[in-house]
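The values are calculated or read from the model by the stated rules, or taken from the named source; none is laboratory data. This is a predicted model, so every value here is computed, not measured. In this analysis, Cβ positions are derived from the backbone assuming ideal geometry, glycine residues included, and neighbour counts consider all displayed protein chains. All accessible areas refer to the heavy atoms of the entire protein, side chains included, with ligands and DNA or RNA removed. Shrake-Rupley method; radii C 1.70, N 1.55, O 1.52, S 1.80 Å.
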Amino acid sequence: MKKNVGVTDRIIRLLLSAIFVYLYFAGYVIGLPGVILLVLVGIFFLTSLFGVCLLYSIFGISTNTTKKPL
């Protein structure tokens, strides 16, 4: 699959993941909202790890500005 998540986007997703994990394990967010937050952490982490976002693919968005070799 073609990578569609750029470096800046990946960093933002990783930072949000770290913040969300902290909020959950520090006890600021509990219950169903906490579980939803952990699901978002998983999605953000995996999309930043692999550089592919399914929603970006569906809507034709790409933040990846890497030049392809000729």
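Legend: P(r) of the chain from all alpha carbon pair distances, 10 Å bins from 0, whole percents, reading 21, 42, 25, 9, 2, 0. Protein heavy-atom accessible surface, 1.4 Å probe, per residue over the stretch 1-53: 67 Å².
Estimated from the Cβ-Cβ distance and a Förster radius of 25 angstrom, the FRET efficiency linking A18 and T66 is about 0.55.
The relative contact order of the chain comes to 55 percent, based on Cα pairs under 8 Å that sit 6 or more residues apart. Using a cut-off of 15 Å between beta-carbons, work out the net charge of the residues near V7 (Lys and Arg +1, Asp and Glu -1, V7 not included). Computed value for this residue: +3.
Quick one: with all protein chains in place, what share of the accessible area of the chain is carbon or sulfur, to the nearest percent (1.4 Å probe)? Whole-percent figure for carbon plus sulfur exposure: 76.
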